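The structure under discussion appears below in the form of structure tokens.
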Amino acid sequence: MTDYSVLLPCVPRRLEQALPAEAAVKAFQEARQVRAALRALRAQGETGPRGPLVVTEHDRLCHMLTRRSYDAVRAWADGFQEPVPLPGPSAAPPLPVRELTESMNADGAALLAVDLTPRLPAPVAAMGWKVMKVLAPGYQNLRMDETHRWSWHLPRLASAPDRTGCPARLDDPRDAAPHPLP
């Protein structure tokens, strides 16, 4: 059994307090965690995927050990533009939740909020904790299982060039290789 504990996510204190430097640190930290996981897989004798399809997170990590995955990441990174200077910290207050949700819904997110508080253990709920999960079915989800064709949000992806002003690299994302990053 592979130990995935090195992949535990690092979450910023609060989203509105995250600064670009903190985001960069978190990205580097995550990259080091992925690197450690890949090294651990290699040390256990893994050399690549056991099958042609990525179905589990373990499959995705094994896929990352292949030349095909390296080439996909390299091609992606080759498309990066020159960085532009980031603005300094804003003196404006954080964007209110209502304004953020309205702008995301206007962009097509179709946000849904699910209150998971009733699922909390009684002692935790007694301390006043609340738990919400927010879903954005109008956006393209992260696809963990590459075998499901239904998990592509094709209208959203097709509209990306018009919405972003950036050309698509593929006419149909279903023709793409498995996403190489976890």
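Of the whole protein surface, D145 contributes about 30 Å² of accessible area at a 1.4 Å probe radius. Compute the label zone of A75 within segment 144-177: residues whose backbone N is under 15 Å from the point 7 Å along Cα-to-Cβ. It comes to 168-177, nothing else. Distance between the modelled labels on S159 and E57, one decimal in nanometres: 3.1 nm (7 Å Cα→Cβ projection). Could you compute the FRET efficiency for W152 and V97, with r as their C-beta to C-beta distance and R0 at 35 Å, rounded to 0.05? With R0 = 35 Å, the Cβ-Cβ based efficiency is 0.75.
Solvent-free Debye calculation, one equal scatterer per alpha-carbon of the chain: log10 I(q)/I(0) at 0.09, 0.18 Å⁻¹ equals -0.47, -1.55. For segment 88-148, the residue among P93, M144, M104 whose Cα projects farthest onto the positive side of the dipole built from Cβ charges is P93. Find the relative contact order for the chain and round it to a whole percent, using C-alpha pairs within less than 8 Å whose residues are 6+ positions apart. Over the chain, the number comes to 21 percent.
The length gained by stretching the chain between D175 and R67 to full extension, at 0.36 nm per residue less their Cα-Cα distance, is 37.1 nm. Shown for the chain: the carbon plus sulfur share of the solvent-accessible area, taken with all protein chains present and a 1.4 angstrom probe, equals 62%. Can you list, bin by bin at 5 Å, the percent of alpha carbon pairs in segment 40-127, starting at 0? Going from the shortest bin to the longest, the percentages are 3, 9, 9, 8, 7, 12, 14, 16, 14, 7, 1. In the assembled protein chains, V54 presents an accessible area of approximately 10 Å² (probe radius 1.4 Å). List the DSSP H helices in the chain whose Cα atoms stretch 24 Å or more along the helix axis and whose mean Kyte-Doolittle hydropathy is at least -1.0. Span-like helices here: 20-43.
The values are calculated or read from the model by the stated rules, or taken from the named source; none is laboratory data. Computed from a predicted model, the values in this text were never measured in an experiment. Note that we place each Cβ from the backbone using ideal geometry, even for glycine, and neighbour counts take in every protein chain shown. In case anyone asks, the SASA skips ligands and DNA or RNA and just uses the protein heavy atoms, side chains included. Shrake-Rupley method; radii C 1.70, N 1.55, O 1.52, S 1.80 Å.
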